[in-house]
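Worksheet for the structure shown next.
Each value in this text was obtained by applying a stated rule to the coordinates, not by laboratory testing. Here the structure is a predicted model, which is why all the values come from computation and not from measurement. Backbone-built Cβ (ideal geometry, glycine too); neighbour counts: all protein chains shown.
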C-alpha cells in the first residue's frame, strides 16, 4: 500500500469520468481515443487494485 | 386477561386515552380491565362484566362517580350494554367451553378492558388521584413531535407522565429536558393500550436542574464557549480508509456490530480494537489513553463508542477529559454512544456523531462496492466507447475500400489490356490480309516480269543470232579477201628476199676474203708481238720508261722483259 500513498481514488474516479465523457464524444481522433482508452483501463485497474486488497481480520492492540 | 374491544378507527385515540390497547400482531384493540369508559366498545358476554363487579360500577353510573362522562355517553353505553345483555342471554349456552379442568363459562369472566375500566373508575373515584401534585427529575424525555412523554424520578421510583401538545404549549415556560427538577400537577390515569398508569399533566413548573445535570450543563456550556463543538473544527471522515481504529470494549456488542457491518461494507479495511472499559471507574482513563494512542498511529478514522445504556452507564462519555482528547486528536473521530435522542458530551465534540456502533461502522467504512461498481462502470464504458470508435473506423475503412476497389487501376489496366489485345488482333489480321494481298500481287507481278523478260531475252537472242550470222558472213568474206592479198604479198616477198640474199651472200664472201688478210694473229706469226705495260697496250715509246717491266705477247706465249732504254724516233715511225 505504501507505493500507492499518493494515489488518490477520488481523483482517479473523477479522471475516469472525464475520460469516459471524452470517449463517448463523436469526433475524438482515433489516436487520442486509443490513448484515453489505455489511460482509462490502467486507471480503472489501479482503482480496483487500490480499493480491493486483502481481507483484514480485527486486531486487538492492547490485549 | 385481555378483553377484546371493537374500536372504530376514528375513535382509537379516545379508546387509547381510556386505557384500550392495540395488539399489533393480532391487529385488534383490547383492554386488561374493562371500565365503564371502554364498555361502549365491549361486545363480549354480559355476565363476565357482572361477575367482575363492572355491572355494579356500571349500575352505579360512572357519571355520578367521576362526573367526567357526559349523560349522552352514559345513555349510549347503557343502551349498548342492554343490547349486549340481550345478546348474551341468547348466546349463553354457546359460551360454555369444556376444558380438562371442567367446563368454563366465559360469561363469568371479565374482559381485560372491563378490568382496565375498573381501575380507571377507581382512579377517578379517589380525590387524591384526581388532583395529584408531585415533584421529581425529568428523565427518558426524547423531545416531542406532538404530545409530551416523559418520566419523573427520584432515587428509588419512577412515574410516567403524559402531557397533551396543547397543554404543553400553554403551561411550559421553559425547555423541557432530562435532568430537570420539575413540579407537576395532573391526574392519575391508566393508559389502557400499555396498561401503565401515568400522570396526565395539566401544569408543570421548572424547579431547577438536578445537581449532576447542572454540572453537566455548565461543563457543556464552557466547552462550547471554548469552541470544542465548533463546526469549523470538525474534520471530514475519509472516504477511502485503510485502517480504522475502534475504541470500545472487546467483550461488548458494539465491537461485534462494527466488525459485522464494516466487514460487509469493506472487508479490506484493517480494523484495530483498543480495548477500554466503557463504564465504571477506569472508563475515562482508558478511553482517553485509547484516543491518544490511536491518534498517534496514523489511523484514517477512529470510532469511539459503546452500546446503549442508562444515563448512569453512559456517564463516562460526558467526561471533560474525553471531550478534550477527542478535540485534540488529529484523526477524524466518529462517536457512537448511547442511542437516538440522547447525546453525551463526546457526541458534541466528535467529528461525526451517530446513534449506534453499526451506524458508526457505516460512517467510518464506506461501502466498497459503490466504488468498485463505479470503477467497473467506467471501465466497461471505456471499453464500449473504444469498441464503438473502432467499429466506426472499420465501417469507414470498408466504405473507402469499396470505393477504392471501384477505381482499382488493375481492373482498368485489364480492361485496357483487353482493348489493346483486341486492337492488336485487328491490326494483325489486317496486316496478314494486306500481306496476303501484296504477296498475291507480287506473284502476279513477278509472273508478268518473268514473262516479259523471257520475251525480251528471246527477242534479243533472235536479234543476236541474226547479227552474229551477218557478222560471220562478213568476217569470212573479209578473211578470204585478206588471205588472197596476203598470199600475193608473200609471193612477192619471197621473190625479193631471194634476190636480196644472193646479192648479200656475194658481198659477204668478198668481205670475208678481205678480213682474213688483216688478222693480228696472222701478223704475229710473221714475227710481230703485242707489247703491254700494266695491262695497257703500249702504242708509243712514251708509254714506257726505263726500268719498267713489259710483257710481249707472241703467237705461242709471253715474254716478260724490263725496258733498258727508250729511244724515240724524230719522225713518225711507220709500220
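Summary table below
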read-out	value
Simple spin-label estimate for residue B:475 and residue B:436 in nanometres, 7 Å along Cα-Cβ	5.7
Normalised per residue, the volume of the convex hull around the Cα set of the protein assembly as shown (Å³)	811
Crossing angle, helix B:112-125 versus chain B [Cα axis fit, 0-90 degrees, rounded to tens]	60
Antiparallel content of DSSP bridges confined to the protein assembly as shown, in %, to 5	70
Equivalent ellipsoid semi-axes, the range B:334-489, via Cα gyration tensor eigenvalues times 5, rooted, Å	138, 19, 7
Gyration tensor verdict on the range B:463-564 (Cα atoms; rounded if a/c is under 1.5, prolate if a/b is larger than b/c, oblate otherwise)	prolate
Rounded to 10°, Cα long-axis angle of helix B:409-517 versus longest principal axis of chain B	10
Computed [θ] at 222 nm, deg cm²/dmol, chain A (DSSP H ≥ 4; -39,500 (n - 2.57); rounded to nearest 500)	-20500 deg cm²/dmol
DSSP bridge pairs, chain B: antiparallel proportion in percent, nearest 5	70
Cα-based helix-to-principal-axis angle, B:368-406 vs chain B, degrees rounded to 10	30
Solution diffusion estimate, µm²/s, Stokes-Einstein, the range B:108-148, Kirkwood Rh from C-alpha pairs, 4 °C, viscosity 1.567 mPa s	96
Average beta-carbon neighbours from other chains, 10 Å sphere, peptide A:45-58	6
All-pairs Cα distance distribution in chain B, expressed in whole percent, bin size 20 Å	12, 18, 15, 9, 5, 5, 4, 4, 5, 8, 6, 7, 1
Stokes-Einstein D in µm²/s, Kirkwood radius over Cα pairs - the range B:435-506 at 25 °C with 0.890 mPa s viscosity	138
Protection-proxy order for peptides B:231-240, B:198-207, B:148-157, each taking the mean of Cβ atoms within 10 Å per residue, highest first	B:198-207, B:148-157, B:231-240
Mean ellipticity per residue at 222 nm, deg cm²/dmol - from DSSP H runs of n ≥ 4 across chain B, formula -39500 (n - 2.57)	-17000 deg cm²/dmol
Residue exposure sequence - B:441, B:533 - by fewest surrounding Cβ within 10 Å	B:441, B:533
Cα-based convex hull, the range B:187-331, per residue volume (Å³, whole number)	187
Averaged over A:17-25, number of beta-carbon atoms from partner chains that fall within 10 Å	4
Proportion of all alpha-carbon pairs of the range B:343-405 beyond 19 Å (%)	64
Likely footprinting exposure, B:117, A:6, B:542, B:319, fewest C-beta neighbours within 10 Å first	A:6, B:542, B:319, B:117
Rh by Kirkwood over Cα pairs, then Stokes-Einstein D for chain A at 0.890 mPa s and 25 °C, µm²/s	177
Relative pair counts by distance (%), Cα atoms of the range B:255-374, 5 Å bins	2, 12, 22, 25, 20, 10, 5, 2, 1, 0
Shielding by partners, peptide B:382-395 (average Cβ within 10 angstrom, other chains)	5
Simple label model, 7 Å out from Cα along Cβ direction - residue B:553 to residue B:234, nm	18.3
Neighbour-count ranking [beta-carbon atoms within 10 angstrom, fewest first] of B:446, B:358	B:446, B:358
